[in-house]
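Below you'll find the structure, written out as structure tokens, and then a few comments.
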Amino acid sequence: MENEAGIVRWGIIGCGKVTEVKSGPAYQQTKGFELNAVMRRDSVKGNDYAKRHGVPRYFSDADALINAQDIDAIYIATPPDTHKKYGLLVAKAGKPCCIEKPMAPSYADSLALYEAFKNKGVPLFIAYYRRSLPRFIQVKKWLD
């Protein structure tokens, strides 16, 4: 779900270590992506993150970020015990979402997220990038 210019305007919920070096910069450098806002409950830390990474806006309220009209998709990079809470809010808003691994702490929570996005007809992605790394491919071969 992109805007008229063909750009997906992302918002990130959670500005911890994973977004500092791995995903935050990637969302800024990927063609067709713009990182337009971040959310951190601590507004001082959210503002600091936004300034250091050149992100135009920051929020201290996840609902405000999720429902912002100029945000097309959400990346959830919070601790796993909050993935379901935020993910269900994103599904309700009808926006695509990428959730950092693990999807949720339990199968039941994961299923609830899956169903919510499926019912809305909105994409849900999980950041399981490691499965394509050579050592994980080798482990899969051994298991097969």
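The values are calculated or read from the model by the stated rules, or taken from the named source; none is laboratory data. Here the structure is a predicted model, which is why all the values come from computation and not from measurement. Neighbour counts run over all protein chains shown; Cβ positions are idealised from the backbone, glycine included. The protein model used for the area step is the full one, side chains on, heavy atoms only, and it has no ligands, DNA or RNA in it. Shrake-Rupley method; radii C 1.70, N 1.55, O 1.52, S 1.80 Å.
For the criterion of being surrounded by 12 or more Cβ atoms within 10 Å (Cβ to Cβ), closer than 22 Å to GLY11 by Cβ, more than 13 Å from the chain's Cα centre (by Cα) and not basic (Lys, Arg), PHE117 passes.
Does ALA26 satisfy the criteria of being open to solvent by less than 70 Å² (accessible area, probe 1.4 Å), farther than 18 Å from ALA127 by Cα and part of a helix (DSSP H, G or I)? Judged against the criteria, ALA26 is not a match. Restricting the range 121-131 to residues that are modelled with pLDDT of 95 or more and buried (at least 16 other Cβ atoms within 10 Å of the Cβ) leaves a set whose member that is farthest from the chain's Cα centre (by Cα) is VAL122.
Please determine whether any residue of the range 35-46 is surrounded by 14 or more Cβ atoms within 10 Å (Cβ to Cβ), in contact with a helix residue (DSSP H, G or I) (Cβ under 6 Å, 6 or more places away or on another chain), of a type in the set (Gly, Ala, Ser) and in a strand (DSSP E or B).
So in the range 35-46, the residues surrounded by 14 or more Cβ atoms within 10 Å (Cβ to Cβ) come out as 35-41, 45-46.
Now restrict to residues that are in contact with a helix residue (DSSP H, G or I) (Cβ under 6 Å, 6 or more places away or on another chain): 35, 37-40.
Retained after the next criterion (residues that are of a type in the set (Gly, Ala, Ser)): 37.
Those left that are additionally in a strand (DSSP E or B): 37.
Scanning the range 35-46, I find at least one residue that is surrounded by 14 or more Cβ atoms within 10 Å (Cβ to Cβ), in contact with a helix residue (DSSP H, G or I) (Cβ under 6 Å, 6 or more places away or on another chain), of a type in the set (Gly, Ala, Ser) and in a strand (DSSP E or B), so the answer is yes.
Test SER60 against the stated conditions and say whether it is closer than 22 Å to ARG131 by Cα and surrounded by 15 or more Cβ atoms within 10 Å (Cβ to Cβ). Against the criterion (closer than 22 Å to ARG131 by Cα and surrounded by 15 or more Cβ atoms within 10 Å (Cβ to Cβ)), SER60 does not qualify.
Considering (1) aliphatic (A, V, I, L, M); (2) closer than 21 Å to GLY24 by Cβ; (3) touching a His at 6+ places or on another chain (Cβ under 8 Å), the lone condition that LEU124 does not fulfil carries the number (3).
Give me a count of the residues in the range 83-138 that are among the small types (Gly, Ala, Ser), in a helix (DSSP H, G or I) and more than 23 Å from ASP72 (Cβ to Cβ). Outline the logic, then answer.
Filtering the range 83-138 for residues among the small types (Gly, Ala, Ser) gives 87, 91, 93-94, 104, 106, 108, 110, 112, 116, 121, 127, 132.
Narrowing further to those that are in a helix (DSSP H, G or I): 87, 91, 93, 108, 110, 112, 116, 132.
Now restrict to residues that are more than 23 Å from ASP72 (Cβ to Cβ): 108, 110, 112, 132.
The qualifying residues number 4.
Only a single criterion out of (1) in contact with a strand residue (DSSP E or B) (Cβ under 9 Å, 6 or more places away or on another chain); (2) open to solvent by 20 Å² or more (accessible area, probe 1.4 Å) is not satisfied by ASN67, namely (1).
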